[in-house]
Amino acid sequence: MELSIKLQGNINTEIKNGIATITFFHPAHNSLPGALLAKFAAAITEAGDNKIVKVIVLKSAGDRTFCAGASFDELISIEDFDTGKKFFMGFANVINACRKCPKFIIGRIQGKTVGGGVGIASAVDYCFATKYASIKLSELAIGIGPFVVGPAVARKIGASAMSQLAIDATEWRDAIWANTMGLYAEVFDNVEDMDTGIEVLAQKLVNSNPEAMRLLKRVFWEGTEHWDSLLERRAEMSGQLVLSEYSKNAIAAFKGRRKK
């Protein structure tokens, strides 16, 4: 089964031997505009509801960047609160789709990840990475904050480590730091070794008791039942801040540097 989305970027879902591999791609360093975020959340929910699927692997296309976070083109075009809230709800919906999915989700982080991408990596259940998979929460540097992704990141690495990322918003933390803090379960020297590790774990999970895994996932995510409303409130914070002159100028400056 393969699902292709006709917009800039795409979401592909491939199911083989009980493993659903969901791949997202966008030509701007795998950044995520609102339309792609909606398709992404839907693909996760659909795979979780599919009785054929035993485990999900979540990945992005390309070699260098896992996810550059929010689409700067879309951010800079936001002119009203409702549009801003709707955009940030896209990330909230992806995180909540991962949270509610009854199947374990394995993350494959092949390269750098920023902002919302760190939130996605935090929302999977078991995350593999290469040594090139540095992370950064850059939101404060563009006048907002990692409000929507914050709960997922803090749940995975703790409030102290999350606050370090959020406050020092222009600095990268390397994959070893992320591994030490618990974001990455394993870090590999190259993509080939990482993919072998993912295949080994995925096959183990395919052969495990589906009901036991479903119940384990529920236990792992206990205490997050209020996230539908929590992340909506956080999206409202970002949706308001992105309208400020400070944010618009900072986003424009960042966008200009990204093109260089």
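The values are calculated or read from the model by the stated rules, or taken from the named source; none is laboratory data. From a predicted model like this one, the values you see are computed outputs, not experimental measurements. When we count neighbours, we look across all protein chains shown, and the Cβ atoms used for this are built from the backbone with ideal geometry, even at glycine.
If you go through the stretch 12-32 one residue at a time, do you hit one that is in a helix (DSSP H, G or I), touching a Ser or Thr at 6+ places or on another chain (Cβ under 9 Å), among the hydrophobic types (A, V, I, L, M, F, W, C) and in contact (Cβ under 8 Å) with a residue 12 or more places away in the chain?
So far as the stretch 12-32 goes, no, none of its residues is in a helix (DSSP H, G or I), touching a Ser or Thr at 6+ places or on another chain (Cβ under 9 Å), among the hydrophobic types (A, V, I, L, M, F, W, C) and in contact (Cβ under 8 Å) with a residue 12 or more places away in the chain.
Which ranges mark the helices (runs of 4 or more DSSP H) fully within the stretch 169-259 that have 2 or more residues being at pLDDT 95 or above?
Answer list for the stretch 169-259: 175-181, 191-206, 210-220, 227-241.
Residues in the stretch 8-33 that are in contact with a strand residue (DSSP E or B) (Cβ under 9 Å, 6 or more places away or on another chain), on the phi < 0 side of the Ramachandran plot and not charged (D, E, K, R): how many? Can you show your working first?
Our first condition is that a residue be in contact with a strand residue (DSSP E or B) (Cβ under 9 Å, 6 or more places away or on another chain); within the stretch 8-33, this holds for 9-15, 18-26, 29-33.
Now narrow it down to the ones that are on the phi < 0 side of the Ramachandran plot: 10-15, 19-26, 31-33.
If we keep only those that are not charged (D, E, K, R) too, we end up with 10-13, 15, 19-26, 31-33.
So the answer is 16.
On the given criteria, is Gly62 over 16 Å from Ala97 (Cβ atoms) and in contact with a helix residue (DSSP H, G or I) (Cβ under 6 Å, 6 or more places away or on another chain)? I'd like the intermediate steps shown before the answer.
On the way: over 16 Å from Ala97 (Cβ atoms): yes; in contact with a helix residue (DSSP H, G or I) (Cβ under 6 Å, 6 or more places away or on another chain): no.
For Gly62, the condition - over 16 Å from Ala97 (Cβ atoms) and in contact with a helix residue (DSSP H, G or I) (Cβ under 6 Å, 6 or more places away or on another chain) - is not met.
Name the residues in the stretch 32-58 that are over 16 Å from Asn93 (Cα atoms) and either surrounded by 19 or more Cβ atoms within 10 Å (Cβ to Cβ) or touching a Gly at 6+ places or on another chain (Cβ under 7 Å) (or both), would you?
Ile52, Val53, Lys54, Val55, Ile56, Val57
Take the residues of the stretch 176-191 that are under 16 Å from the mean Cα position of the chain (by Cα) and touching a residue at least 40 places away in the same chain (Cβ under 8 Å): which is surrounded by the fewest Cβ atoms within 10 Å (Cβ to Cβ)? Talk me through it step by step, then tell me what you get.
So in the stretch 176-191, the residues under 16 Å from the mean Cα position of the chain (by Cα) come out as 178, 182-185.
Those still in the list that are touching a residue at least 40 places away in the same chain (Cβ under 8 Å) too: 178, 183-185.
On the way: Ala178: 26, Leu183: 27, Tyr184: 25, Ala185: 16.
Among residues in the stretch 176-191 that are under 16 Å from the mean Cα position of the chain (by Cα) and touching a residue at least 40 places away in the same chain (Cβ under 8 Å), the one surrounded by the fewest Cβ atoms within 10 Å (Cβ to Cβ) is Ala185.
In the list Glu236, Glu245, Glu222, Glu211, which residue meets the criterion of being in contact with a helix residue (DSSP H, G or I) (Cβ under 9 Å, 6 or more places away or on another chain), on the phi < 0 side of the Ramachandran plot and not polar (S, T, N, Q)?
Going through Glu236, Glu245, Glu222, Glu211 in turn, the sole match is Glu236.
Among the residues in the stretch 52-65, are any at pLDDT 95 or above and more than 22 Å from Leu201 (Cβ to Cβ)?
Residues of the stretch 52-65 at pLDDT 95 or above: 52-61, 65.
Of the ones still in play, those that are also more than 22 Å from Leu201 (Cβ to Cβ) are 65.
Yes, the stretch 52-65 contains a residue that is at pLDDT 95 or above and more than 22 Å from Leu201 (Cβ to Cβ).
Condition check: surrounded by fewer than 18 Cβ atoms within 10 Å (Cβ to Cβ) and of a type outside the set (Gly, Ala, Ser). Does Asp63 satisfy that? Explain how you work it out, then say what you get.
Working: surrounded by fewer than 18 Cβ atoms within 10 Å (Cβ to Cβ): yes; of a type outside the set (Gly, Ala, Ser): yes.
The answer is yes for Asp63.
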